[in-house]
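Asks: My questions will all concern the structure given below.
Here, each number is a calculation from the coordinates, and none is a lab measurement. Quantities reported herein were computed from a predicted structural model and do not represent experimental measurements. Please note: Cβ atoms are built from the backbone with ideal geometry, for glycine as well, and neighbour counts cover all protein chains shown.
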Ligand SMILES: Cc1ncc(COP(=O)(O)O)c(C=O)c1O
């Protein structure tokens, strides 16, 4: 097989995969294999000699065969999913050109595109003097936000390191993403100095509790410097009240960051914009288009309210072997903690151009409608129990069999059985001591019949499991 034949094979594979594997009804979301089975099926070792094109082609097919089809509409397991054709094309072009975001010199078109994307995204946050940068994910956005807050509070820490006598403290809700603790760890602040603020029955950070915790920290002689609000918490999909938190932060001169890694894209629809009331008062906003905008991983942005913030973070941006200051447009590498950086803005730009602002608003509205529909399906079924009021795009529920049993154990097994059947994949999480099935609506092309199919698959599995377990109980009792 020649190089040309291999490329043709690749095109054929893409065509088959996108038309059949991902989209055709009944295609399993995963052809599940155990690690031992995979080891038997595929040769993972690298040998001294390279492989033939034919073998190479076989590996391409096997890779796709046994990987999870996250573009399949029965993939409801993670906060991302779907297959976005224009973004896919953008990704392919990005890889073909294989340029790097540090300078205009090496990435002229991509630089203009990233500038445009940052400016467009800031039009939704209301940061009129804003700036921003693409980075490697929402965790990284939380890190750079906390880094910016630390540097605003104690600029000398950039050069002298952390002054432990200042005892910096950060505040997030008890439902916030774990990356905040890692960020504090990396920045020399310490994970224990991220204080968890209680949430109300809907999973929203309680402003009075935040104010109390900040005052307590001040009384102890500490330096509160950062509040991380969340715009769609990972498990419940709850939105913290930015407006009220902003008032508290402004009173105490504390940086307010909004982590919109999951829910940030809902800012695109007038129907859901109210969830972000007060967003323009925050100091920074993290937003992952690779989640609800269905851009292939990774597409993630940190927006900051004040231009100059990102440059100020960096202690040496004049490295003359790379930045030659030889053009009119600023090199974007001077705003990033990375040197070589993937061109993630391009796939987002292609997708946004293709769907338009209105198209994306509609996609967000569809997500919300499908999450509402799934919630209604739970409420309408006597064996399903809604475990928390739906806040946005996640529906937390469990199955209750017709006999008394450990519901956590039953629902854990149910999810595993469904996942391994390859029919649908849905996640689980803990709400205190209760295990919840967590359906996540992230693929904006989901329709009602996809949701119906999901519940059919789940209920068939639940019925089978219920029968098997009840037979076991009877067998054990005789
Ligand atoms: C609220 C929230 N913040 C941050 C992250 C981390 O984002 P990433 O996976 O892009 O690092 C997630 C991931 O799911 C999240 O739900």
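Asks: Output the peptides 193-200, 377-384 sorted from most to least packed, where packing is the average of other Cβ atoms within 10 Å over each peptide's residues.
Replies: 193-200, 377-384
Asks: Next question, about the same structure. Run the simple label-point estimate for residue 430 and residue 376 please: 7 Å along Cα→C-beta, distance reported in nm.
Replies: Here the modelled spin labels are 3.5 nm apart.
Asks: Please list the equivalent ellipsoid semi-axes of the range 289-394, computed as the square roots of five times the alpha-carbon gyration tensor eigenvalues, in descending order and whole angstrom.
Replies: After scaling each eigenvalue by five and taking roots: 42, 17, 11 Å.
Asks: So, one more: Need the C-alpha centroid separation for the range 347-371 versus the range 411-478, integer Å.
Replies: Distance between centres, Cα-based: 29 Å.
Asks: Further, regarding this structure: Give me the extension gain from residue 357 to residue 251: residue separation times 0.36 nm, minus the current Cα-Cα distance, reported in nm with one decimal.
Replies: 34.6 nm
Asks: I need the per residue convex hull volume for the range 359-477, using only the alpha carbons, in cubic angstrom as a whole number.
Replies: 99 Å³
Asks: I would also like to ask the following. Any idea how far apart residue 404 and residue 449 come out in nm if each label point goes 7 Å out from Cα toward Cβ?
Replies: So the two model labels end up 4.4 nm from each other.
Asks: Relative to 2.2 N^0.38 Å, what does the C-alpha radius of gyration of the chain come to as a ratio? Two decimals please.
Replies: Rounded to two decimals, the normalised Rg is 1.06.
Asks: Residues in the range 418-433 near a label at residue 61, defined as backbone nitrogen under 20 Å from the 7 Å Cα→Cβ point?
Replies: none
Asks: P(r) tail for the range 37-162, what percent of Cα pairs lie past 21 Å?
Replies: 68 percent
Asks: I'd like the Kirkwood hydrodynamic radius of the range 99-343, using the inverse of the mean 1/r over distinct C-alpha pairs, in Å.
Replies: For the range 99-343, the Kirkwood estimate is 18.2 Å.
Asks: Continuing with the same structure: When the Cα atoms of the range 3-67 are enclosed in a convex hull and the volume is divided per residue, what value in Å³ results?
Replies: Considering the Cα atoms of the range 3-67, their hull volume per residue is 80 Å³.
Asks: May I ask you to compute the full-extension gain from residue 476 to residue 386, defined as 0.36 nm times their residue separation minus their alpha-carbon distance, rounded to one decimal in nm?
Replies: That pair, residue 476 and residue 386, stretches by 29.2 nm at full extension.
Asks: Let me ask something additional. If neighbour count is taken as other Cβ atoms inside 10 Å, put 53, 290 in order from fewest to most.
Replies: 53, 290
Asks: Where does each of 131-143, 441-453 land if you order them by average Cβ count within 10 Å, highest first?
Replies: Most protected by this proxy first, the peptides run 131-143, 441-453.
Asks: Also, quick follow-up: Once fully extended, how much extra length lies between residue 95 and residue 163, figured as 0.36 nm per residue of separation less the alpha-carbon to alpha-carbon distance?
Replies: 20.2 nm
Asks: I need the calculated FRET efficiency for the pair residue 120 and residue 243, taking r as the beta carbon distance and R₀ as 22 Å, to the nearest 0.05.
Replies: 0.40
Asks: OK, next. Give the distance, in whole Å, between the Cα centre of the range 1-54 and the Cα centre of the range 268-332.
Replies: 36 Å
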